[in-house]
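The values are calculated or read from the model by the stated rules, or taken from the named source; none is laboratory data. Everything numeric here is computed off the predicted structure, so don't read it as measured data. Here the Cβ is made from the backbone with ideal geometry for all residues, glycine too, and neighbour counts use every protein chain on show. Ligands, DNA and RNA are excluded from the accessible area calculation, which covers all protein heavy atoms including side chains. Shrake-Rupley method; radii C 1.70, N 1.55, O 1.52, S 1.80 Å.
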Amino acid sequence: MKCIPAIAGAVWIGLQLTIGQLSAIAVPQPLATNKAQKDNRQRTRNNTQPQPRQCPADVESLTALLVRDLPSYANRIYQRSRPQVRTRLPRGKTAHVPNYVIVAGRADFNPLNLGPGIYTPPEPGSEPKEPDQVFLTTLERQYTFADQPVQLQQFHWLFLVQTPSGWRLAMAYSRFSSYPPGSPPSPPRETSNAVLGQAVRTWLDDCRAGRIRPLPTASTPRSS
C-alpha cells in the first residue's frame, strides 16, 4: 500500500509536465512579430500586383496613344451600336453594309482660331484655359451590297480639355471624302455623339482608369 502514494506522485508529476508542454505550444507569438509578418506579406502582395498606368499629362503623348487604339475602339462601337443597313437582294437574301476603321494617324496640334481675326494663343496663367485642339485622320472601309470595298477618309477636329479628374472630350467635328480623293470633303458636322465621339470618350475613360498600355520603348519588350 505504500507504493500507491509513490505512483500517485509520479502521475501528478507527469500531468504537470504534459500541461507545461501544451502551454508552451499554445502560447501565441508576440503581437509585434505578427504585425511585422503581416506587413511583409502586404508589401509582397503590393509588389507583385501590377501598378495602375498613368494617363499622359501632355496632349501630344495622349494623342499618340489615342491614334494607336482608336480603330479598335471605333470598330467595337460600330459592331455594337450601329444599326446594320439592310436591303433586299434576289432570292430573298439580305446583306448589310458595315464600316471598319482601318487606321488612324496624321495627328496635328496647330489650333485654328475660334474667333475673328488671327489666332492669338492665350497668355500663360490666364483663365479659363482654352481646349486643346487635335486634328487627326481615319481611313475607313465600307462594303457595298455587291461586296465591293469602298474606302473613305475622315478628317476629325477634337477639342480636349484637361480637368482635375483627367482628360475629357468637349466636342468633335468631322468631314469625310472618298479615298483616293476625287471630290472636295463634305461640310463639317458635329460627331461628339457619333461613333468617333463615343470611341474617344470610351478611350479617355479607360485612360483615366489606367487601363491603356503605354507605347513600347527600346528597353521595353513587346508583349506577344
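Quick notes on this structure:
- The set of residues in segment 189-201 being open to solvent by less than 40 Å² (accessible area, probe 1.4 Å) and within 20 Å of residue 100 (Cβ to Cβ) consists of 191, 194, 195, 196, 197, 199, 200.
- Selection from segment 133-175 of residues that are under 18 Å from residue 105 (Cβ atoms) and hydrophobic (A, V, I, L, M, F, W, C): 134, 135, 136, 139, 152, 155, 157, 158, 160, 172
- Scanning segment 130-171 for residues that are of a type in the set (A, V, I, L, M, F, W, C) and within 22 Å of the chain's Cα centre (by Cα) gives 134, 135, 136, 157, 158, 159, 160, 161, 167, 169, 170, 171.
- Selection within segment 153-181: residues that are closer than 17 Å to residue 138 by Cα and part of a loop (DSSP other than H, G, I, E, B). The member of this set that is modelled with the lowest pLDDT is 181.
- For segment 63-73, taking the residues that are open to solvent by less than 10 Å² (accessible area, probe 1.4 Å) and in contact with a helix residue (DSSP H, G or I) (Cβ under 7 Å, 6 or more places away or on another chain), the one that is nearest to residue 216 (Cα to Cα) is identified as 66.
- Residue 110, sole failed condition from (1) more than 26 Å from residue 209 (Cα to Cα); (2) surrounded by 13 or more Cβ atoms within 10 Å (Cβ to Cβ); (3) at pLDDT 60 or above: (2)
- For the condition surrounded by fewer than 14 Cβ atoms within 10 Å (Cβ to Cβ), modelled with pLDDT of 80 or more and either among the charged types (D, E, K, R) or closer than 29 Å to residue 60 by Cβ (or both), residue 186 qualifies.
- Leading residue by the ranking (farthest from residue 157 (Cα to Cα)) among those in segment 202-219 that are assigned to a loop (DSSP other than H, G, I, E, B) and either open to solvent by less than 10 Å² (accessible area, probe 1.4 Å) or not hydrophobic (A, V, I, L, M, F, W, C) (or both): 219
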